[in-house]
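Notes to accompany the following structure.
Taken together, the values in this text are just the output of simple stated rules run on the coordinates, not laboratory data. Small disclaimer: the values here were computed from a predicted structure and weren't measured. Methodologically, a virtual Cβ is constructed for each residue, glycine included, from the backbone with ideal geometry; neighbour enumeration extends over all protein chains shown.
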Amino acid sequence: MAMQMTRSDFMRDDYESMASELEVEVQTLTKEQSLRIEIDSELESALKELESLQSQLPKEQMNALFEQCQKNAIDAVVGHFGLAAVVLNSKDGGNVNTTHNVRKGIYASEAEKQRYENRGEYDSGHYHTDKDYIAIKKEQGEIKKQGKSIDYMTGKKIKLNDSADLDHMVSAKTIHDDRARVLAQIDGAKLANTQDNLTLTDSTLNRSKKTKTAEQFLARRDERITELKQAEQKRGYLTQSELNEQRKLKKQKEINDEEFKKAYNESKENIDKEVDRAYYESAKPYKEALMTGAQDAGKMAIYTAIGEILKEFIIGMSDELKTLFKEFGNESLGDIFKRFAKRLKQIWANLRARWKDIIAGSFEAGIVAFFGNLVVFVINIFFTTLKRIVRIIRAGFTSLYQAVKKLFDKNTPENERLFEASKIFVAGLISAVTMLSGEYITKWLYAIPGLNVLLGIPLPFLDETIGDALGLCISAALGAVLSTIAIYYMDKWANDKKIAGFQIQMMTKSGEIVQYKLMQTWFVLQDGYDAVLAGAERTMGSIDQLRNTINKYK
């Protein structure tokens, strides 16, 4: 009984030992197989990533540079920098009247210019019988009686018995003739007869100053003093009228020049501010801006649609002309007409397929033109823009809009949006600068003998001639070519940078692939070793079996 229990225990221990060894072998095998599967999967993934990186390597675009220049030149000629700028009919100061511009005699509309011309003659009685003038004159008279009046020209106290006038620092006639006042439609008496503009001064000084500004009055005084001195030195005497004038000039020498100019300029500045405030707080300029903006938007929308049709036609016909010259002599006249007819049908089919995009693009161009007009209006509140600068601002605003639009374009990778937007901005900047050359190109065209008459023909409904439009189109095409070349080199720089980055990634990925393949090779060698070992064990077993058989029969 004890013998059987001992054997049972021995067999159980032997079984447990074998089971433990088998479990270790299974776990080892499972880990090895998992590792092999993982390495095969990672190798396949690394190979695919390497192939993807190779496919993303930027391609050289030098061969397409000429074609791109041609395409962009056509786009520029029919776009904002070319014929569209002619259609929008730019003018000095823009399309909306501003107080800043009209003070320089620059009007956006003929109606406002005519209204100024028809403002009527200056009526002194209207200004000097105004209730505000009478009230201030009475008030200043009381101050004089109290001995508190100060002459604003000389800075001296005005005595009770001194002859003094209530003077408009900025003369009533100057205010009456102010173009900005007429534009703002303000009564001149309201501006002239204020506490800031009415004050007492010596009667002689007041009547000598008349309607002059402080600068003009003082300059004329100094000029006459010099002239009278020269006359006396030359003749040895002065006439009675010259002596009378000399006495007046002596009185004018009592003026405190700096204080006088300061008082005058402050009053003038206050009046101008009041005119500006009244005008820009009224609805008048904004109605004009909306109306002219809507006109520009309509013109631009219609032209953009026509421009797309024109561009499609030009590109199609230019391709056909290339084919015509290439196949010249190899085609009959009938074949040429058939080919051109086929191309026209293709152009029509392309336009029909794109009609929704053309309408959407026209609507967008109209909106951009509308806001471009507003931008020009705002600028002209402070600065006067010349005709060619108006064109540049409008076209530049379009480029800026396209650049901003590109920044939020979901179809462009986020890491490339800023670069693409900068390309649009650079192209717009170059085109805007070259647009300045349009005037010189036009002059050069007019200098060509025999073209003067043709180039001088005015375009219908526009303030432009054929020469103006042609000069603008040539400058637009030049700008487009230069922009394309600049963008090509920007792309080349970006491509070189991308290639360097991709090459680093490819080297890294190639290193991973080499490591995975080395591990695969190690497993293959291990499999070969295991196969040889198993074969050797089978051979040794066969030899042992043969040896036992031989020993059995001895």
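3J(HN,Hα) along the stretch 290-307: 5, 5, 5, x, 5, 5, 4, 4, x, 4, 5, 5, 5, 5, 4, 4, 5, x Hz, from the Karplus curve 6.51 cos²θ - 1.76 cosθ + 1.60 with θ = phi - 60°, whole Hz, x for Gly and Pro. Per-residue extension of 0.36 nm, minus the Cα-Cα distance of residue 138 and residue 103, leaves a gain of 9.3 nm for this segment.
For a protection proxy built on the mean count of beta-carbon atoms within 10 angstrom, sort 316-327, 200-211 highest first, please.
By packing density, highest mean first, the sequence is 200-211, 316-327.
Taking other residues whose beta carbon is less than 9 angstrom from the beta carbon of residue 193, and scoring Lys, Arg as +1 and Asp, Glu as -1, yields 0. Placing one identical point scatterer on every Cα of the stretch 132-200 and ignoring solvent, what is log10 I(q)/I(0) from the Debye formula at q = 0.24, 0.27 Å⁻¹? So the normalised log intensities are -1.00, -1.16. Ordering of 94-101, 171-178 by packing is 94-101, 171-178, highest average first (other Cβ atoms within 10 Å, averaged per residue). Amide H contacts for residue 465 (H built 1.01 Å from N in the peptide plane; partners 5 or more residues away or on another chain; cut-off under 5 Å): 459.
Here the stretch 123-282 has an Rg and Dmax of 17.6, 62 Å, counting Cα atoms alone. In percent, rounded to a whole number, the relative contact order of the stretch 123-282 is 29, using alpha-carbon pairs under 8 Å and six or more apart. Determine the dipole magnitude for the stretch 123-282: charges of +1 sit on the beta-carbon of Lys and Arg, -1 on that of Asp and Glu, nothing else is charged, the reference point is the Cα centre, and the result goes in debye to the nearest 20. The calculation lands at about 740 debye. When the alpha carbon gyration tensor of the stretch 201-321 is reduced to an equivalent ellipsoid, the three semi-axes, largest first, read 63, 24, 10 Å.
For the listed residue pairs 148/253; 229/253; 210/268; 287/311; 284/356, the alpha carbons are over 25 angstrom apart in 287/311; 284/356. The 3J(HN,Hα) values that the Karplus relation (6.51, -1.76, 1.60; θ = phi - 60°) gives for the stretch 227-235 are, in residue order, 5, 5, 4, 5, 5, 5, 5, 6, 9 Hz. Gly and Pro appear as x.
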